[in-house]
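Only one structure is covered here, and it is reproduced in the block below.
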Amino acid sequence: MDLCDFIIEHENDDLSSLVLHRDRWPGIDVALAAECISARRKLRFKVSEWYADPAIICPLSLSAEQCSSTATAAYKAAVVRGAVRSATATHEARSKNFRAQHPWPRRDNPDGDIRIADLTGGLGVDCWQFSKVASAVLYNEMNPPLFEAAQANLSRLGCGNVEFSKVCISPSTLPGLLDAFRPDLVFADPARRSGGRKVFLPEDCSPDILALQDIILDRGCRLLVKLSPMADISLMLRKFHNVKELHIVEADGECKELLLLMEPGFDGECTLVVGNAGRSVPPGSTGDIRFTLGEEKAAEPAFISREPEPGQILFEPGAALSKSGAFNLISARFGLEKLGKDAHLYCGSQLSADSAISGALAPFGKFYEILETAPFGNQSIRDFAARWPGADVTARALPINSDALRQKLALGKKKSQTATPSNGHIFAVGTSVGRLLMACRKLGS
């Protein structure tokens, strides 16, 4: 029995017991097998193409937990392809100026080919997707087990245009690596752990991209950096240079990634892009929402002037759109009325259920049909608890949070309650026309 057969045969076993009884399989590295099994469990839905092949090696379970999914890696590849093909005149002039002073070795690639350098290759999921849009990809990783696994995995996946490097990235080593490979774009996903704890500031991550950004940009290369979804957008825009786009990427209902795209010489206002990696729509098409902070600041939202009526549609922004802070823009651009200044919920008087779930906002939030409204108070809470038992609960712009409201609704339930639809949802909201309680039905899947 080889390692692959062992992994498949024991992939549903208790891993602690497996390692404890490792002496039963003297020809198998059981510790490695257990790590691979643990990693495969994480990859099953995240990178299903890799899970389907038991010969794909993942020596570190943590890497499987932290790696990109197929969808988010494909999103990054689309961003890269679009960025390289839409070069500005300023970028091209700066790039030619650098190469005139520092001629790179000639290569035989035709004009228009894309060369991508991934400084933090990790498990290799991003490189796998980069290889589909680039003529050449440089995978760099200093962790030996990951490096060896990526060499085997990417070869097995048919990524014949990937070169491998295991340089420890620093200000002294990076110039030589870039000058040898000559990338059009450099990608980095710095490790957000230091001394066993999570870190969020880019200068605390490894490698410190803040200390490396000028080395990359001065060579005429674009730079794409993956940041923690917890990072403060305004702070990141102050710390990094020449930021042309900041992508806020949603997948599976969560804000998964922040991607900073820097272009040499760019001195305009950064465009924020809200994208959904679960959609088969390339970045830059009508499948995303683009705006600048100036546009958000200048947008004048409309507020409801009367209590929403049953049958109206309610929109709740998703994680990525909420992270972007485009709260006024949602109203101004899409013709929706805000329920209240701080509630960040929206109503559309002319919005139908069909247009809501198939419209431009559909990938970036949830739509509900309003079924019943009442002034917020103890009596309405008791009434809603009786009529809508088991509904999800959200409190916005009120001196009570969702958990506390959920408890009050639970206490108000009557014994003769009937089953509620699984998509029932109660919103308690401080609106521009007073505090309201609304029972809603979720639309779409």
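Please treat every number below as a calculation from the coordinates, not as lab data. Here the structure is a predicted model, which is why all the values come from computation and not from measurement. Here the Cβ positions follow ideal geometry from the backbone for every residue, glycine too, while neighbour counts run over all protein chains shown.
Rounded to two decimals, the Cα radius of gyration of the chain over 2.2 N^0.38 Å is 1.15. Database remark: amide H of residue 250 closer than 5 angstrom to the amide H of 256, 275, 276, 277 (H placed geometrically; neighbours at sequence offset of 5 or more, or on other chains; Pro and chain starts carry no H).
Legend: residue pairs 323/442; 132/323; 198/226; 323/408, Cα-Cα distance threshold 25 Å; pairs beyond threshold, 132/323; 323/408. Here the residues 137, 162, ranked from fewest to most Cβ neighbours within 10 Å of their Cβ, fall in the order 162, 137. At q = 0.15, 0.17, 0.27 Å⁻¹, what log₁₀ I(q)/I(0) does a Debye calculation on the Cα points of the stretch 18-81 give, no solvent, two decimals? With no solvent term, the Cα-only Debye profile gives -0.53, -0.63, -1.09. Name the shape class, rounded, prolate or oblate, that the alpha-carbon gyration tensor gives for the stretch 300-442, where a ≥ b ≥ c are the square roots of its eigenvalues, rounded holds for a/c under 1.5, and otherwise prolate holds if a/b is larger than b/c and oblate otherwise. Since a/c reaches 1.5 and a/b is larger than b/c, the shape of the stretch 300-442 is classed as prolate. Neighbour counts of C-beta atoms inside 10 Å place 241, 21, 247 in the sequence 21, 241, 247, starting with the fewest.
The angle separating the long axis of helix 30-46 from the principal Cα axis of greatest extent in the chain is about 50 degrees.
Efficiency by 1/(1 + (r/R0)^6): what FRET value for residue 292 and residue 25, r their Cβ-Cβ distance, R0 = 41 Å, to the nearest 0.05?
Numbers: r = 59 Å, r/R0 = 1.45.
So, using R0 = 41 Å, E works out to roughly 0.10.
Spacing of the modelled spin labels on residue 371 and residue 333, each 7 Å from Cα toward Cβ, amounts to 3.2 nm. Taking the 0 to 90 degree range and rounding to the nearest ten, how far is the long axis of helix 402-411 tilted relative to the main principal axis of the chain, both from C-alpha atoms? Between helix and principal axis, roughly 40 degrees. Sorted on the mean count of surrounding Cβ atoms within 10 Å across their residues, most packed first, peptides 151-161, 56-66 read 56-66, 151-161.
What ranking do 305, 68 get, fewest neighbouring Cβ atoms within 10 angstrom at the top?
Values: 305 8, 68 26.
Placing the least packed residue first, the sequence is 305, 68.
Backbone amide hydrogens, once placed in the peptide plane, bring residue 372 within less than 5 Å of 439, excluding anything fewer than 5 places away on its chain. For the pair residue 237 and residue 302 in one chain, pulling the backbone fully straight at 0.36 nm per residue adds 20.5 nm over the alpha carbon distance. Seen against the Cα atoms of the chain and their longest principal axis, helix 70-85 is set at about 70 degrees. Would you calculate the separation in nanometres between label points at residue 433 and residue 252, each defined as 7 Å from the Cα along the Cα-to-beta-carbon direction? Taking the two extended label points, one gets 4.0 nm. For residue 138, the residues 5 or more places off, or on other chains, whose built amide H falls under 5 Å of its own are 116, 117, 118, 163.
Applying the Karplus relation 6.51 cos²θ - 1.76 cosθ + 1.60 with θ = phi - 60° to the stretch 177-187 yields 3J(HN,Hα) values of 5, 5, 5, 6, 9, 6, x, 7, 9, 10, 10 Hz, where x marks Gly and Pro.
Based on DSSP H segments of at least four residues, each scored -39500 (n - 2.57), the chain has a per-residue ellipticity at 222 nm of -10000 deg cm²/dmol.
Excluding residue 435 itself, what net charge comes from residues whose Cβ is under 12 Å from its Cβ, given Lys and Arg +1 and Asp and Glu -1? Around residue 435, the surrounding residues sum to 0.
Do you know the relative contact order of the chain, to the nearest whole percent, from alpha carbon pairs under 8 angstrom that are 6+ apart? Spell out each step's value before the answer.
On the way: 831 pairs, mean separation 42.8, N = 445.
Answer for the chain is 10 percent.
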